[in-house]
Each structure stands twice: as C-alpha cells, then as structure tokens.
1. Just for segment 61-86: of the residues that are out of contact with any helix residue (DSSP H, G or I) (no Cβ under 8 Å at 6 or more places or on another chain), touching a residue at least 60 places away in the same chain (Cβ under 8 Å) and of a type in the set (D, E, K, R), which one is farthest from R201 (Cα to Cα)?
2. If you take just the strands (runs of 3 or more DSSP E) that sit entirely in segment 202-263, which of them hold at least 3 residues that are more than 16 Å from the ligand (Cβ to nearest atom)?
3. Only residues in segment 190-205 that are in contact (Cβ under 8 Å) with a residue 40 or more places away in the chain and aromatic (F, W, Y) count as the first member; pair them with residues that are within 12 Å of the ligand (Cβ to nearest atom) and part of a loop (DSSP other than H, G, I, E, B), Cβ under 9 angstrom, at least 6 apart or cross-chain, and list the lot.
4. Please pick out the residue among I6, I52 that is in a strand (DSSP E or B) and in contact with a helix residue (DSSP H, G or I) (Cβ under 6 Å, 6 or more places away or on another chain).
5. Kindly provide the set of residues from segment 403-445 that are under 26 Å from V50 (Cβ atoms), without any contact (Cβ under 8 Å) to a residue 60 or more places away in the chain and touching a Pro at 6+ places or on another chain (Cβ under 7 Å), ordered by number.
6. Testing F62 on (1) within 13 Å of the ligand (Cβ to nearest atom); (2) among the aromatic types (F, W, Y); (3) buried (at least 20 other Cβ atoms within 10 Å of the Cβ), one condition comes back false. Which one is that?
7. Can you tell me which residues in segment 158-199 are loosely packed, with under 14 Cβ neighbours inside 10 Å and either touching a helix residue (DSSP H, G or I) at 6+ places or on another chain (Cβ under 6 Å) or closer than 17 Å to T126 by Cα (or both)?
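Rule-based calculations on the coordinates, nothing more; no lab input. Here the structure is a predicted model, which is why all the values come from computation and not from measurement. Heads up, the Cβs are rebuilt from the backbone with ideal geometry, glycines too, and the neighbour counts pull from every protein chain shown.
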Amino acid sequence: MDPVVIVGAGPVGVTAAVLLAQRGVPCLVLERYTQMYPLPRAVHVDDEVVRILDAAGVAAGFLKISRPGLGLRLLDARHRVMATFARSPAGSGYPQANMFDQPDLERLLRARLGDLPAIELVGGATVLQVTSSSVRYRLGGSEHEVAASAVLGCDGANSTVREQIGASLVDMHFAERWLVVDGVCAADLHAWGGVHQVCNRRRAATFMQLGPRRYRWEFRLLPGESAAELPVEPLLAPWLGDVSVRIVRRAEYTFRANVASKWRAGRVFLLGDAAHQTPPFIGQGLGAGLRDAYNLAWKLAADLRSAGGEADLLDSYERERSPHVRAQIRLAIVAGLAMTGGRVRGSIWRLPGMKALALRSTSPPLRGVGRGRLAGTLAPVTGLDPVLGDGWSVLYTGGEPAGFGSHRLVCVTDELDPTGALRRWMGRRTVVLRPDRVVQAALRR
Ligand SMILES: O=C(O)CCc1cccc(O)c1
C-alpha cells in the first residue's frame with residue numbers, strides 16, 4: 001500500500017499518523033522544519049480530546065504533563081472577582097479542562113512515533129505540489145516525488161496543501177490583535193487554578209497557570225499599538241507582586257475565525273489550522289484539529305482496507321466536522337465578546353443558563369449521523385477501549401441483540417459499569433457505536 005502522506009508534524013499531523021498506523025496504514029510525515037518547535041502555543045484541551053490522546057496511546061503521559069483546569073474566573077479592571085465558574089477537577093473520566101505547555105505534548109507524541117515502525121518522519125522537507133496520489137517535495141538540494149494513497153494537509157494556518165487544492169478561507173468575522181506572553185516565575189504565584197479573564201474593555205486580558213511556575217498572559221492590543229513596543233512589565237506587575245519572571249516568549253497574534261471553503265479535493269484532506277482557525281476564548285483550537293484527525297483516521301483506514309470502497313464515509317468527514325467546528329467557533333466569538341467587552345457585557349455571564357454554558361464540557365453532536373436523540377454524540381465509554389476494540393460495537397443490557405454482523409456485542413454489566421453511569425445514559429436502549437465511539441444509532445428494545 002502507498003503511504004498516506006501527512007504534511008506537517010505538529011500535534012495534529014503526528015496524531016493522525018499514529019491513529020492511522022495503529023490501524024495498519026503506513027504513513028510518511030513531511031515536516032518543513034528539522035527541529036520540533038520549542039515554544040508554547042496551545043494551552044488547553046477538554047476531556048473529549050484527552051480521549052483522543054488516549055486512543056493515540058499518550059493519555060497516561062499527558063496526565064503527567066498537564067494540570068486540571070478549575071474553570072473560569074471573571075475579573076473587573078481592578079482584578080476584583082466578578083464571577084467564578086468552577087469545574088470539579090475530577091470528572092467522570094478525564095478532567096474536563098486540562099492545561100499544558102504544547103512542547104511537552106509534542107515531545108510525548110513524537111516519542112509515540114518511535115513505537116510505530118509504519119510511520120516515517122522526514123524533517124526539512126518543503127512540499128511543492130500535491131495531488132490525490134502523489135506529493136512532490138524538496139529535501140536538501142533535491143526534489144523528490146512520492147506516491148500517496150491519500151494526503152493529509154496538517155500544515156497550519158498558512159497551509160500549502162490548502163492552496164494546492166484551491167480552497168480559500170471563509171471569514172467568520174472576527175479579528176483582534178493580542179500580545180501573548182509566556183513566562184516561568186521564580187516562585188509559585190499561588191493563583192487560582194483556572195482561566196482568569198479580565199473584563200476590561202480598554203485592556204482585556206487573560207491569565208492562566210500551565211505548569212509548575214509556568215504561566216500564560218494575553219493582552220488585547222489597542223489600535224496603533226504593537227506587541228514589540230508595548231512595555232510588558234507594567235502589564236504583568238499586578239499578577240507577579242514581588243516574584244520575578246523569565247519571559248520565554250512574547251508574540252503578537254491576530255486571533256481570527258476562519259473555515260476553509262472546502263476540506264477535501266479527491267483524496268487530499270485538510271485538518272487542523274489548515275481547515276479552521278478560532279479565537280482562543282474557550283480553548284478549543286488544538287482540540288478541533290485533534291477531533292479532525294480522530295474523525296478521519298478510522299474512515300480513511302476503512303477505505304484503504306476496502307480498496308477505495310468507502311466513498312460515502314470519506315465524504316462524511318467534512319459533512320460532520322465542518323458544522324461542529326463552526327459551532328465551536330461561534331461559541332468562542334460570543335464568549336470572547338462577553339469576556340472582553342467590559343463590566344456591562346461581562347454581566348451577561350450573570351444571566352440564567354450562562355454558568356451551564358461556561359462549564360459545558362460536551363461538544364455538540366455531529367450532524368447527519370444516524371437518527372434519534374443520542375445519534376452523533378460521543379458515548380461516555382472512557383476506559384472501555386480494550387473491551388470495545390477498534391471497530392464497530394453494540395452496547396446492550398438485556399438479551400443479546402441479533403443482526404449486527406461483525407459488530408462486537410458488549411453486554412454492559414456491573415463489572416464494566418460499576419457506577420451505573422453508562423447504563424443511566426443508555427436508558428433502555430441498545431446503542432450502536434462507530435469506531436470513534438460516536439453513537440450511530442440508539443434503539444429502544
Ligand atoms: O473551559 C475551561 O475551563 C477553560 C477554557 C479556556 C482555556 C484556555 C483559554 C481560555 O481563554 C479558556
């Protein structure tokens with residue numbers, strides 16, 4: 001089988017490679033740089049995304065390098081607490097919010113590559129041309145062409161693959177310039193362990209702890225200000241007291257909301273920032289890319305196993321992922337407006353239902369999957385992967401259901417479900433799960 005060529009060895013590309021290789025699909029990962037990018041970027045993933053890291057074999061390692069996020073705290077311009085939306089650090093499976101430093105996650109994922117000989121990673125490779133069945137790239141002084149069974153563009157916001165398939169970015173009408181500062185402090189700041197949002201219209205700001213003595217600050221820039229010229233010490237002073245900080249990185253970012261006009265051309269697919277970009281206000285940027293990888297990997301593996309016989313399954317990638325990511329981007333924009341618009345807009349958070357919205361940790365159901373209330377939702381089966389296997393499965397509680405062909409039949413007993421939470425969720429239904437644990441059908445007995 002020709003390899004799936006993955007352009008970009010960031011967390012999305014590497015996760016896609018791992019998920020494919022675990023299903024027996026050879027992968028060639030082409031990365032423009034020779035070294036891993038050493039500086040912080042993404043800082044948060046939710047519990048659904050940790051399940052994806054689990055599927056890729058790195059959840060145990062991730063829990064060691066991350067810390068549970070305690071929720072969201074809104075502060076006024078003088079840093080007085082306006083509201084706290086607190087998460088319980090121990091959810092039913094993984095913590096609902098997980099704070100981390102991206103280079104730590106990338107090291108974990110790169111180490112996982114070493115377990116999977118079906119993956120080859122080539123650094124220093126600049127992709128020149130992409131088709132459904134080949135990729136041409138420059139390495140050192142020479143050009144190479146490799147045959148591909150599919151191509152995944154995981155090459156970030158300025159994606160070459162996106163350009164190659166003629167997709168553009170559709171603007172969801174959000175652009176703000178922010179200064180992002182990462183620092184390591186000489187001592188712990190003893191800050192509350194969630195995300196702090198300063199609801200100051202003049203200088204909206206975000207602050208959070210990422211690891212031991214490691215912190216992230218973000219400050220919205222005013223028109224005409226540049227991150228390079230803005231003195232950072234007065235901005236950090238209220239958070240630091242007399243503790244000194246070593247700044248690891250300061251950068252200007254334009255937070256944008258964009259979705260690619262198409263995510264696929266033939267057997268070339270876009271994933272992660274190549275397909276969508278979101279403002280960071282609900283911490284879903286990297287998670288969206290990892291959800292892409294998880295959604296596509298099992299479908300592509302099934303298609304390759306059946307020699308191209310799963311055209312509809314491949315079509316469902318964009319059909320499912322695009323509305324999901326748009327919904328999350330819209331939520332990020334609304335949350336951002338409420339959090340950065342000053343005291344008055346900040347008071348929106350006192351309205352009934354807003355607390356539940358701020359703390360909601362399940363993402364919207366995938367559209368167009370089966371029918372019924374549970375269809376398209378992620379089943380709460382954390383930890384059951386060894387029982388469910390890597391294919392389709394059927395969960396049942398009564399008599400063994402018939403007519404499910406090669407699906408794995410799993411009787412949900414006390415042993416599998418000691419707290420009864422899974423059976424409460426199932427109600428009196430028999431539940432058909434896809435390989436990615438999304439509910440395809442939930443049938444009343
Ligand atoms: O959902 C949470 O508890 C935190 C979400 C979050 C993460 C990172 C940045 C941010 O502004 C919000």
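1. Once the filter is applied, the top-ranked residue is R67.
2. Ranges flagged: 245-260.
3. W192/L70
4. From the options I6, I52, the qualifying one is I6.
5. Listed by number, the residues that qualify are L422, W425.
6. (1)
7. Within segment 158-199, N158 is the sole residue that qualifies.
Per-residue answers, yes or no, for (1) over 30 Å from S133 (Cβ atoms); (2) crowded, with 19+ Cβ neighbours inside 10 Å; (3) not polar (S, T, N, Q):
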residue: D242; (1), (2), (3): yes, no, yes
residue: W263; (1), (2), (3): no, yes, yes
residue: L300; (1), (2), (3): no, yes, yes
residue: E310; (1), (2), (3): no, no, yes
residue: I329; (1), (2), (3): yes, yes, yes
